[in-house]
Amino acid sequence: MRRHCLVVTALLLSTAVTQAQTAPALPDYMAPIAGRTSTSAADIATANTLALNTGMFELYGNAGKIFQKNILSKHPVVLGMFSGAGGRFTLFRPDQPPLEAPSVPIVYQLLKSTGHSTMALAEVVGPYLDNPADTSWKAPMQAYRARMQSAIETLDATPMQADWRPTVRSILTANLAFMDDCITKNVVSFASLEAFSKKQAPDLAKVVSWAAQTQVAHWMDVLSGWKTMLGADWDKTYAASNTIYVARQNNVLFSVLAQFFPPEAINDRLLLIETISFTTTQTDMLESLTRIIADRSVGSLFFGNYHLMDYELMGGDARLAIAAETAKRGIKTNLPPAVPFGSHQWPALVTPGPGPASIADLK
C-alpha cells in the first residue's frame, strides 16, 4: 500500500512538471509586465491585517457624513477661519442655511498691506547685501517701486480715517526713499537696511495696533449679535478656528471666540484646530470638528472617558516608554507635566516667564 502511494505521488509530480514545461508561451506583448511572482505567507498575512486599517478609514469616512449631519441638526456651529481679509466667520444653525458674517472693514487690509510692504523690501534685498556684483534684485525692486508710488499718490482716496493717513504715508514714503537709495547706488548695504528698519519700526507698531483694533472690534460685534440671536442655544454651540504654527500663540480669532464662551468650554465646545497652511476650507474644518466629537463617543464607549481620544491614544504609554528608554541611556527625561483628559487650559503657551511678549514689550 505504501509503495502504491509513492508511485501515485511520483506520477502526480511528473504530471505537474510536464504541464509546467508545456504551458503555452505568453505572447510577446505581455513580456514587459509578465513574470513569475513569489509572495511569502508572512507577506500575505501582513497585508491582510494592514488592510483592516485601510478599510477603517473608508468606513469612518462614510459614517462621518452621517455623524456630521446629526451634529449640525442638533447644535449650532461657528467656524472662525483665517483669511488675508481679517478672517471669515460662518454660523451653521439646525435646519437653516449657513450665515456668513460681514467682512472686516477694508481699512484692516490697507493697514496690513502697508506693514507688509515694508517687510517685503527686507525679503527682496536680504540675499544680496553688500554684494555689488549681483544686481538681480534691481528689476523686482523697480517694479515694486512703481506700485509704491501709485499707493502714495492715491492714499487720500482710500476709506481710511484721516488721523491714520499721515503714519501710513510716512511708512510708504520711507519705503520709496530706501528703494531709490539702493537703485541709485546699485548696491544694498546692510548698514542702510538696518537704518531703514529702525526708522520704520515705530510707525509699523502703530499700524499693527490699529489693524488689531479694527479686526477685534468687528468680530466682537458679530459674535455678540450671534450669541443674542441664538439665546439659550448658545450653551450647546460648538466653535472652532484654525491656526498654523506661527499664528498659534495669541490666535486672534480663537481669542475673540473665547470671550463668548465660559472657561470650561475651551477644548470641549471651543476648539483650536491646527492646520499646515494659513487657510483651509469649511469642508475640512467641519470634517475635523466632526471627527473630534465622534471620537469622544467612541472613547467613552471603550474606555469610559469622553475626552480620551482628544489626545494621542498611545501618548500616556509612550511617556512611560520614553522615561524607561532615557533611563537606559543615562539621559535626563524631558517631558512636560501630564495633563488630564478634558483639560480646559488654553491650547497655547500659558506659562509666564521673563522676556517680551508683545511689540510694546520690546520697547
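No lab work stands behind these numbers, since they all come straight from the coordinates. As the structure is a prediction and not an experimental result, all values here were calculated from the model. Cβ coordinates were reconstructed from backbone atoms using ideal geometry, including for glycine residues, and neighbour counts include every protein chain displayed.
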Lysine pairs within the chain, Cα separation less than 18 Å, 8 or more sequence positions apart or different chains: 11
Coordinate range along principal axes, alpha carbons of the range 100-176, Å, largest first: 50, 30, 17
Interchain or long-range residues, amide H under 5 Å from ALA239's placed H: VAL78, LEU270, LEU271
Karplus-derived HN-Hα couplings along the range 325-332 (A = 6.51, B = -1.76, C = 1.60, θ = phi - 60°), whole Hz, x at Gly and Pro: 5, 5, 5, 5, 8, x, 10, 6
Degrees separating the helix 190-230 axis from the principal Cα axis of the chain, which is the longest one: 70
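Order of THR281, THR158 from fewest to most other C-beta atoms within 10 Å?
Values: THR281 10, THR158 13.
Going from sparsest to densest Cβ surroundings: THR281, THR158.
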Unit charges on C-beta of K, R, D, E only; dipole of the range 107-211, Debye: 160
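Taking 2.2 N^0.38 Å as the expected size of a compact globular protein, what ratio does the Cα radius of gyration of the chain give against it, to two decimals?
Working: Rg = 31.7 Å, N = 363, 2.2 N^0.38 = 20.7 Å.
The value comes to 1.54.
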Nitroxide proxy distance, nm - points 7 Å out along Cα→Cβ at THR279 and ILE33: 4.1
Selected from SER170, SER117, ALA211, residue furthest toward positive end of dipole (the range 107-211; charges at beta carbon): ALA211
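Between GLU58 and ASP95, what length in nm is gained on full extension when 0.36 nm per residue of separation is reduced by their alpha carbon distance? Working shown, then result.
On the way: separation 37, 0.36 × 37 = 13.32 nm, distance 2.77 nm.
Between GLU58 and ASP95, full extension yields an extra 10.6 nm.
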Projected area, mean over directions - the range 254-342, Cα convex hull, nm²: 8.1
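In which sequence would TRP234, TRP219 go, from the one with the fewest C-beta neighbours within 10 Å to the one with the most? Spell out each step's value before the answer.
On the way: TRP234 18, TRP219 23.
Lowest to highest Cβ neighbour count: TRP234, TRP219.
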